[in-house]
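The values are calculated or read from the model by the stated rules, or taken from the named source; none is laboratory data. Bear in mind the structure is a predicted one, so any value in this text is a computation, not a measurement. Ideal geometry is used to build each Cβ from the backbone, glycine not excepted, and the neighbour counts take in all protein chains shown.
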Amino acid sequence: MDLGFISNDSIWWVFTLPAFLGTKNLFDGFVVISLFIAFVLIGLLTWFFSVGGVAWKNGRNQRGSVSIPGPHGLPIFGSLFSLSCGLAHRTLAYMATSQAATQLMAFSIGSTPVVVSSDPHTAREILTSPHFADRPIKQSAEMLMFSRAIGFAPNGTYWRLLRKLASSHLFAPKRIAAHEAGRQIDCTMMLKHIAKEQSSYGTVGLRKHLKDAALNNIMGSVFGKRYDVAHDSEELNELRDMVREGFELLGAFNWSDHLPWLCYFYDPFRINERCAALVPRVRKLVQGIINEHRNGGTNKMLSDSADF
C-alpha cells in the first residue's frame, strides 16, 4: 500500500496515540468517565434510530420499498420483557395494532431479530417462502447435538440429504408396512392399559399412555427394541427420564438464546449444566443398544423390517 496517497491530516492520531498511551492521562477519572459516557451515548443513539429494536440496528427492515415498522423496545433487551407476562400471541397482536403494523411488524428479543404478522395472507407467504425456512438454533439444541437433526438443521444441501434419507428409508412405503405389526401391538397394549386404569381408578391420565406408546413405536422403528411398559425396568425409567429432560430443555425459555453474553453470569434454569449432564447419558444408552445389536446380530441380510 502506497502511503503517499494518504493525507497527513487523516493519520495524525497514529503519531499522537502512542504518546497519549504512554502517559497517565488515560487512567484519570475524567478520561474514563468520558469514554464511558461516549459508549453509552452511542448505544442509546443506535437504539433510538433502530426501528424494531437493537437487533435491527443494521436497518435491514428499512431497505425494501416498504419499510417494516415496529417498537424500539428497551436498550439491550428489546421487547423481551413485553412477552414475559400474559399470553404472547395476544401481546403481539396488541403491539402490532398499536404500531399500525398488522401485516408485518419487526421487533427485537435481545439480539434476535423477529418479524410477526397478524394478517393471514402475509402469514401464508411467510410459511410458504424458502427465505424463512431456517430458524435460530437454540443453545440447548446445539448442546444436545440436535443442530444436526432434520428439525433443527439449516436449510441447504445437508438438510435435503436428511430429507431424502428419511423419505427413502425411514418413511418408505415398504418400511412403513413392515412395521405395521409393531404399531398394532403398541396400540393394543395402550388400550389395555387405559382400560385397566379406568376400571381401577375411574379416571385416566392419557398423557402417560400416549407417551409410552409413542416411545415404544420410535424405539421399535429405529432400534428394533420395545419395552413392556406394564413392568418398569431400570432402562425404561432411564429412557423416560431422558426424554422428559430433553423436552424440558428444548422447550424452556433460555435467556442465553437472545443474550449470549448472559450465560456467563446468569442461568436460572441451569440449561447449560443440565445439557452437559444429559448428553453422556444419551450416548451411554445408545451405545448399549448398538453393542446389543453387534453381539446378538447374526443375520447380515438387510430387509424392510430391519432397523438401523
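Scan the stretch 197-218 for residues that are aliphatic (A, V, I, L, M), surrounded by 11 or more Cβ atoms within 10 Å (Cβ to Cβ) and touching a residue at least 12 places away in the same chain (Cβ under 8 Å) and jot them down. Break it down stepwise before answering.
At the first step, the residues of the stretch 197-218 found to be aliphatic (A, V, I, L, M) are 204, 206, 210, 213-215, 218.
Applying the additional criterion that residues be surrounded by 11 or more Cβ atoms within 10 Å (Cβ to Cβ) yields 204, 210, 213-215, 218.
Hits for the stretch 197-218 are 210, 213, 215.
Just checking, how many residues over the stretch 255-292 are in contact with a Ser or Thr (Cβ under 6 Å, 6 or more places away or on another chain) and either closer than 17 Å to residue 215 by Cα or part of a loop (DSSP other than H, G, I, E, B) (or both)?
Going residue by residue through the stretch 255-292, those that are in contact with a Ser or Thr (Cβ under 6 Å, 6 or more places away or on another chain) are 258, 262-263, 271, 275.
Cutting the leftovers down to either closer than 17 Å to residue 215 by Cα or part of a loop (DSSP other than H, G, I, E, B) (or both) gives us 258.
Number satisfying all stated conditions: 1.
So for the stretch 90-99 (the condition being in a loop (DSSP other than H, G, I, E, B), more than 20 Å from residue 67 (Cβ to Cβ) and at pLDDT below 85), does at least one residue qualify? Talk me through it step by step, then tell me what you get.
So the first thing to find is which residues in the stretch 90-99 are in a loop (DSSP other than H, G, I, E, B), and the list is 99.
Of the ones still in play, those that are also more than 20 Å from residue 67 (Cβ to Cβ) are none.
The answer is no, given that none of the residues of the stretch 90-99 is in a loop (DSSP other than H, G, I, E, B), more than 20 Å from residue 67 (Cβ to Cβ) and at pLDDT below 85.
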